1. Please specify each residue of segment 167-190 satisfying the condition of being surrounded by fewer than 17 Cβ atoms within 10 Å (Cβ to Cβ), charged (D, E, K, R) and in a strand (DSSP E or B).
2. So in segment 153-166, with the set limited to residues that are touching a strand residue (DSSP E or B) at 6+ places or on another chain (Cβ under 6 Å) and part of a loop (DSSP other than H, G, I, E, B), which one is surrounded by the most Cβ atoms within 10 Å (Cβ to Cβ)?
3. Of these, PRO151, PRO125, which one is over 22 Å from LEU237 (Cα atoms) and without any contact (Cβ under 8 Å) to a residue 12 or more places away in the chain?
4. I need the full set of residues from segment 273-283 which are more than 11 Å from ALA253 (Cβ to Cβ) and either open to solvent by 20 Å² or more (accessible area, probe 1.4 Å) or not small (Gly, Ala, Ser) (or both), in order please.
5. Search segment 65-78 for residues that are under 16 Å from GLN155 (Cβ atoms) and pair each with any residue that is of a type in the set (Ser, Thr, Tyr) and crowded, with 22+ Cβ neighbours inside 10 Å when their beta-carbon atoms are under 7 Å apart and the residues are at least 6 apart or on different chains.
6. Let me confirm something: among GLY296, GLY270, which residue is open to solvent by 10 Å² or more (accessible area, probe 1.4 Å) and either in contact with a Lys or Arg (Cβ under 6 Å, 6 or more places away or on another chain) or free of Cβ contacts under 8 Å to residues at least 24 places away in the same chain (or both)?
7. Within segment 307-318, track down each residue that is more than 12 Å from GLY39 (Cα to Cα) and surrounded by fewer than 18 Cβ atoms within 10 Å (Cβ to Cβ).
8. Please pick out the residue among VAL87, VAL118 that is of a type in the set (Val, Ile, Thr) and over 29 Å from VAL175 (Cα atoms).
Amino acid sequence: MTEGVAEARAEVRVYLGTYTTWAGGGSGLGLASYDAATGRLRSTGVVAGVPNPSFVITAGKRVYAVNEQSKGTVTALQVGANGVPKVINTQSTGGADPCHLLLHQGHVLAANYSSGSVSVHPVRPDGGLGARTDLVRHQGSGPDPDRQEGPHAHQVLADRAGEHVLAVDLGADAVFSYRLERGRLTRVGTAKLHAGAGPRHLAFHPNGRYAYIANELDSTVVVASYAGGVLTPVQKLDTLPPGAPTTPRNYPAEVVVSADGRFAYLSNRGHDSVAVFAVEQGGAVLRLLEATPVGGEFPRHIALDPTGKLLFAANQNSNTVTTFAVDQSTGGLKHTSTFPAPIPVCVAL
């Protein structure tokens, strides 16, 4: 084996979401790779012409990116033999400012933030997207007049069994549950959170019986039991340690869970940290261990690599992606490297 081949095999592809219409933003979908041992990132190019790809998902050689604009769209890409993705097609979501995606049962679903809706597109045999088959609009509001005047769908994901689709809505203080059948969504439940929570994202415990909901507006995380499409809140705790400063205001963003279910991680924008939680009692309880400085500003997205040994943080306001080594015995994080990137808001592995 040549040295070049060995080096190539030690690197893992990653996609970096950004805003192309913001000053200082990227020019399209960012391409990078990281050293599988150290997590050190390096740029490998950009796919130009993909507007505001603020959230990205991958499925083998297929890549899907939101285009977060007032007339929302989703772009489908295919990775070629040369390793470079090419755009297949783009479809309208029928909503405004799509910010999250799910690939589920041969369909791509998008959460449209500003219009509080979820769209459904079938995936064609070539990986492109077919015409929209459904668009469901949420109802509801909350006490925050600036952020909760109406529904704002912020995330769409499937449960661990793949039986239901959940849509987290910041504006409605709710998580809506659906069943996807023949390209259409049927509501099966609604979980209401405490007023003013502003739920943004959730992550399931590997056992599928509990979920952890990051609340953007009041710096809390809620543990909810889960069964048959129904979430039931059972615990609420702060995402910051006691005595943490109250200014600047903190906005929790992403939450992820280790593959073994022992630890959960949550990004704090404002406090600029990653909260590390111990997961106890089979997933029913979270306990805050520490809030590790993220080494950047406004960590919008965090992601664990498939080995669970690395964590990446996309720091929107410092134009950096920071890498951490994960101590899998304690859950602790150690900052190992910093990578410059234009307004990074998503790290898709």
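1. ARG179, GLU181, ARG184, ARG187
2. HIS164
3. On inspection, the qualifying residue turns out to be PRO125.
4. Result: VAL276, PHE277, VAL279, GLU280, GLN281, GLY282.
5. Partner pairs satisfying both residue conditions: ALA65/THR75; VAL66/SER54; GLU68/SER54; GLY72/THR93; VAL74/TYR64; VAL74/THR93.
6. GLY270
7. The one that is more than 12 Å from GLY39 (Cα to Cα) and surrounded by fewer than 18 Cβ atoms within 10 Å (Cβ to Cβ): ASN317.
8. Every option except VAL87 fails the conditions.
The values are calculated or read from the model by the stated rules, or taken from the named source; none is laboratory data. These numbers were taken from a predicted model, which means no experiment stands behind them. Counting neighbours? That spans all protein chains shown, and the Cβs are built from the backbone with ideal geometry, glycine included. Keep in mind that these areas ignore ligands, DNA and RNA; they rest on the heavy atoms of the full protein, side chains included. Shrake-Rupley method; radii C 1.70, N 1.55, O 1.52, S 1.80 Å.
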